[in-house]
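Okay, so here's the structure we're looking at.
The values are calculated or read from the model by the stated rules, or taken from the named source; none is laboratory data. What you are looking at is a predicted structure, and each value in this text was computed from that prediction instead of being measured. We place every Cβ from the backbone using ideal geometry, glycine too, and count neighbours over all the protein chains shown. Side chains included, ligands, DNA and RNA excluded: accessible areas come from the protein's heavy atoms. Shrake-Rupley method; radii C 1.70, N 1.55, O 1.52, S 1.80 Å.
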Amino acid sequence: VDVGRKPDQRRVARAQGKINMAPQTRDLVAQNLMKKGDVLAVAEIAGVQAAKRTGEWIPLCHTLLLTGILVKASVVEDGVAVISEITCYGRTGVEMEALTAVSAALLTVYDMCKAVDKGMTIGDIVLLEKNKE
């Protein structure tokens with residue numbers, strides 16, 4: 001899609017998702033005792049990297065110059081939740097970057113915890129907000 005005629009605008013998108021896991025797994029993550037390392041920190045970095053490469057992952061997405069990437073992973077009652085906020089100044093929205101960041105972060109949590117929990121489920125990945133100014 002040609003977005004060349006659209007005006008540059010500040011664009012923001014926020015997304016979230018969750019991975020459900022056994023209480024014992026959640027406790028290992030919370031106490032930073034997983035063999036592969038700090039699950040939350042690595043997941044956040046994975047989300048940042050994924051947001052930057054969304055145009056390479058999703059075939060019809062434009063490659064965007066992102067001006068802000070926030071990915072936050074946290075332990076919640078039944079697993080780990082991830083939220084992202086992506087900003088840019090451009091001609092197209094950043095909702096795919098926000099959703100990709102959350103997805104990659106959750107997949108990273110899965111990868112880092114799969115040795116101790118075969119029953120984890122990823123879900124509830126949703127776009128919370130998309131706006132332009």
- Note on the structure: For residue 133, placing the label point 7 angstrom along Cα-to-beta-carbon and taking the range 67-101, residues whose amide nitrogen sits under 17 Å are 67-70, 85-95
- Task: Calculate the spin-label point distance for residue 53 paired with residue 22, positioning each point 7 Å from the Cα along the beta-carbon direction, and give it in nanometres.
- Result: 3.1
- Pairs of lysines 8 or more apart, or on different chains, with alpha carbons under 30 Å: count those in the chain, would you? 28
- Task: Heavy atoms only, probe 1.4 Å: what % of the accessible area of the range 31-87 goes to carbon and sulfur, would you let me know?
- Result: 58
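Averaged per residue, what accessible area in Å² does the range 5-133 show with a 1.4 Å probe, protein chains only? Don't skip to the answer; put the middle values down first.
Working: 7180 Å² over 129 residues.
Result: 56 Å² per residue.
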- Note on the structure: Once residue 33 and residue 121 are pulled to full extension, the length gained, defined as 0.36 nm per residue separation minus their Cα-Cα distance, is 29.6 nm
- Message: Taking 0.36 nm per residue of sequence separation and subtracting the Cα-Cα distance, how much length would be gained by fully extending the chain between residue 107 and residue 76, in nm to one decimal?
- Response: 9.5 nm
- Output the peptides 55-68, 82-95 sorted from most to least packed, where packing is the average of other Cβ atoms within 10 Å over each peptide's residues. 82-95, 55-68
- Query: Which listed residue (73, 15, 31) has the Cα farthest towards the positive end of the charge dipole for the range 11-81, taking +1 on Lys and Arg C-beta and -1 on Asp and Glu C-beta about the Cα centre?
  - Reply: 15
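Ignoring everything except DSSP H segments at least 4 long, calculate the 222 nm mean residue ellipticity for the chain; use -39,500 (n - 2.57) per segment, divide by total residues, nearest 500. Walk me through the numbers before you get to the answer.
On the way: 4 runs with 45 residues, N = 133.
Taking each H run of at least 4 residues, the total per residue is -10500 deg cm²/dmol.
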